[in-house]
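J.: Encoded as C-alpha cells, here's the structure I'll be asking about.
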Amino acid sequence: MEPTAATETSAESPQQPNGKAPQTFDVVKPADGTVIRRVVIDDADRVGDVVGRVRAVQPAWEALGFAGRRMWMERLRDWLLANTDVITDVMQAESGKVRADAALEVPHLCDMINYYAAAGEAYLADEEPSPHLPLMRVKKAKIVYRPYPVVGLISPWNFPLILSAGDAIPALFAGAAVVVKPSEITPLCFIELVRAWKEDIGAPDVFDCVNGMGETGGALVDEVDFIGFTGSERTGKVVMKRAADTLTPVSLELGGKDPMIVLRDADVERAANAAAFGGLLNSGQICLSVERVFVEEPVYDEFVTRLRERVEGLRQGDDGRAYEADVGAMTSPAQTEIVSGHVEDARTAGARILTGGRRREGPGDYYEPTVIADADPSMKVMREETFGPVIPVMKVNDAEEAVRLANDTTYGLGATVFAGTNAAGERVARRIEAGACDVNDVLAHYNVLEIPMGGWKQSGIGYRHGPGGIRKYCRTESITVPRLPTAKSELLWYPYSKPKRRLIDRVSRFFNARGIRNRLGL
C-alpha cells in the first residue's frame, strides 16, 4: 500500500448500496499537511449491509471451534510479521508518529495473538461449579461462553491498530464476527489490514470495517450485538446513550488524567526519565500518558531540573525509517488547539514554562515537548485531559497530599508511583483510585496481557486483556444436566399438597440449619 498516493479508497466498493454517489473525506499527513488518500464514507445502508454479511458467516466461524479460529489468527500474525514495514510506513504517514512509536503497534498485535492463542481456549472452556446446596448436586451445572454474533468497535486515531485490531483479536478468537469503524483521521492501516485478511490470507468473511464520521459510528451501534468504544468521555457517553435504545452491551475505554507521584526517597533520575517517556510517548497522545506529576518538596528542584534537561535533549520531526527523532507531529489539529490552550492557561496563571510551550513554525503540525513547573490544581493542564506533549509538575508536602491530589479527578485510568522501595511504592499505589498503577516504572501494565486494563470513575466501563478481555465478547449460558436417572415427576412439581409441603419444609430446614450442616460435613 503506497502511503503517499492521493487516491480514492474504501474497504470494499465505493458504491453505496442505495445507489447514491458516495461522499468522501481526506486523510492528511500531519508531518507536512499533504493529502494522502481520499476515503469513501459508508452511510447507514452500507453499514447495515456489511454487518448483515458478516452476521451470515459468523455461525460457521463459531463452528470452526477454537483450534480452527486459531489457525486463521496465526496466519494473520504471520502476515503482520511479513508486512511490518509496509504497515508501519502507512501508520507513520497518517498519524505523524516517529518511527519508533509507529513500530510499537505490530509487535503488540502479534503478542496479543500469541497470548490468546495459548490461553484463550482455557478462558472460554465450559465451567462446572459444584452447587452449594447438597440437594442440587444431583445436577451437573455448566457455564458456557457463547460469542455475541457481531461485535462492533469504534476506535480512536492515536493508536490506529492497537486500539482497533487489538480489540478485534480476542473477539475473533471468541467466535464473534467483527466490524470496526476506525477513526476518520487514521483509517488507512486498518483498511489495509482488512484487505489482507480477505485477499492475502483468504480468511472467512467475518472481519470488516466501515469508514466515516459520527453518523457511521452511530449506524454501527444500531446494527451490532456488542459495541466497544475507545475515545473521549464526551463521545463515549453519546455511544452509551445510543446503545441504550437497543439495550446493546458496551465496553468503554475513555479519557485519563493519569498522575505520577515521586516520593522523597525515590530514584529521582529514573523518575524524571520515566516522566519524560510516559508524558511524551506518541507526542503525549495516549490515554495513559503521565498528565500530572506530584513531587515531594525535598526532591522537587532536582526532579524538574533533570526532567527539563531530558526533554530539551529530545529530537522532534519526521524521521521516515531512520529512527532519528523522538517526538513526532500532533495527529489531530483540533487536539493541538486544546494543548495550546492548556499551556497558555498555565502560563497566564503563573506557572513556569521550563522548555517548549509553543506550536512549531513550518510545515506540519508540531507542538514542542513542554515541561511546566509550579503547576497547581486550578489550572486546566492539571484538571482536563491535555492529550499532548506537555508535562506539568507540582510540588507537594508529603505523600498524603500527593495521594489526595492524585485522586482529585473524575478520571481513574492509570497511575505511577516512584518510591525508595517497591514495597513503599505499592502501599501508595493501593490508595490511588485508578484501574492500574505502575510502581517504579511507567506504562508497564499495558504490556502485561494477563492482567485487566480498564478505568475507574469516568475513565470507562469494562476491561481489556486477561480472561475478561475475551470473555466480554461472549454471553454466558447456564445449563443443568441430571447426573442420575430421572423420575416421572419432581417433588416441587404439581400437584401441590400439605404433606408434600411439610416434607419440603423439613428437608429445607435440615439443610439450611448451619450447625447441623457443619456437623454432618455438608
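The values are calculated or read from the model by the stated rules, or taken from the named source; none is laboratory data. Bear in mind that the values here come from a model prediction, so they are computed numbers and not experimental data. Cβ coordinates were reconstructed from backbone atoms using ideal geometry, including for glycine residues, and neighbour counts include every protein chain displayed. Side chains are part of the model used for accessible areas, which takes the heavy atoms of the whole protein and leaves out ligands, DNA and RNA. Shrake-Rupley method; radii C 1.70, N 1.55, O 1.52, S 1.80 Å.
J.: Say we look at the stretch 103-139 and pick out the residues that are of a type in the set (Phe, Trp, Tyr) and open to solvent by less than 30 Å² (accessible area, probe 1.4 Å); which of these is nearest to residue 168 (Cα to Cα)?
T.: Among them, the one singled out is 116.
J.: Return the total of residues in the stretch 275-331 being closer than 15 Å to residue 103 by Cα, in contact with a strand residue (DSSP E or B) (Cβ under 8 Å, 6 or more places away or on another chain), open to solvent by less than 40 Å² (accessible area, probe 1.4 Å) and in a loop (DSSP other than H, G, I, E, B).
T.: 2
J.: So residue 426 fits all but one of (1) of a type outside the set (Val, Ile, Thr); (2) part of a loop (DSSP other than H, G, I, E, B); (3) open to solvent by 40 Å² or more (accessible area, probe 1.4 Å); (4) in contact with a strand residue (DSSP E or B) (Cβ under 9 Å, 6 or more places away or on another chain); what number is the exception?
T.: Just one mismatch for residue 426, condition (2).
J.: Additional query: What's the number of the only condition in (1) crowded, with 16+ Cβ neighbours inside 10 Å; (2) assigned to a helix (DSSP H, G or I) that residue 449 fails to meet?
T.: Residue 449 satisfies all of (1) crowded, with 16+ Cβ neighbours inside 10 Å; (2) assigned to a helix (DSSP H, G or I) except (2).
J.: Given the criteria touching a helix residue (DSSP H, G or I) at 6+ places or on another chain (Cβ under 9 Å), at pLDDT 95 or above and surrounded by fewer than 16 Cβ atoms within 10 Å (Cβ to Cβ), does residue 81 qualify?
T.: Values: touching a helix residue (DSSP H, G or I) at 6+ places or on another chain (Cβ under 9 Å): yes; at pLDDT 95 or above: yes; surrounded by fewer than 16 Cβ atoms within 10 Å (Cβ to Cβ): yes.
Yes.
J.: Residues that are assigned to a strand (DSSP E or B), within 21 Å of residue 237 (Cβ to Cβ) and open to solvent by 60 Å² or more (accessible area, probe 1.4 Å): does the stretch 400-415 have at least one?
T.: no
J.: Against the definition (under 26 Å from the mean Cα position of the chain (by Cα) and either assigned to a helix (DSSP H, G or I) or crowded, with 17+ Cβ neighbours inside 10 Å (or both)), how does residue 365 come out, yes or no?
T.: Numbers: under 26 Å from the mean Cα position of the chain (by Cα): yes; either assigned to a helix (DSSP H, G or I) or crowded, with 17+ Cβ neighbours inside 10 Å (or both): yes.
Against the criterion (under 26 Å from the mean Cα position of the chain (by Cα) and either assigned to a helix (DSSP H, G or I) or crowded, with 17+ Cβ neighbours inside 10 Å (or both)), residue 365 qualifies.
J.: Something else about it: If I filter the stretch 211-223 for residues that are of a type outside the set (Gly, Ala, Ser), at pLDDT 95 or above, open to solvent by 10 Å² or more (accessible area, probe 1.4 Å) and in a loop (DSSP other than H, G, I, E, B), do I get at least one hit?
T.: Checking the stretch 211-223: at least one residue is of a type outside the set (Gly, Ala, Ser), at pLDDT 95 or above, open to solvent by 10 Å² or more (accessible area, probe 1.4 Å) and in a loop (DSSP other than H, G, I, E, B).
J.: Please enumerate the residues belonging to the stretch 192-219 that are under 13 Å from residue 41 (Cβ atoms) and of a type in the set (A, V, I, L, M).
T.: 210, 213, 219
J.: Quick one: how many residues across the stretch 452-510 are on the phi > 0 side of the Ramachandran plot and assigned to a helix (DSSP H, G or I)?
T.: 1
J.: Still on this structure, I have one more. Based on what the data block shows, is residue 242 charged (D, E, K, R), under 19 Å from the mean Cα position of the chain (by Cα) and either open to solvent by 20 Å² or more (accessible area, probe 1.4 Å) or over 30 Å from residue 432 (Cβ atoms) (or both)?
T.: Here the answer is no, as residue 242 does not meet what is asked.
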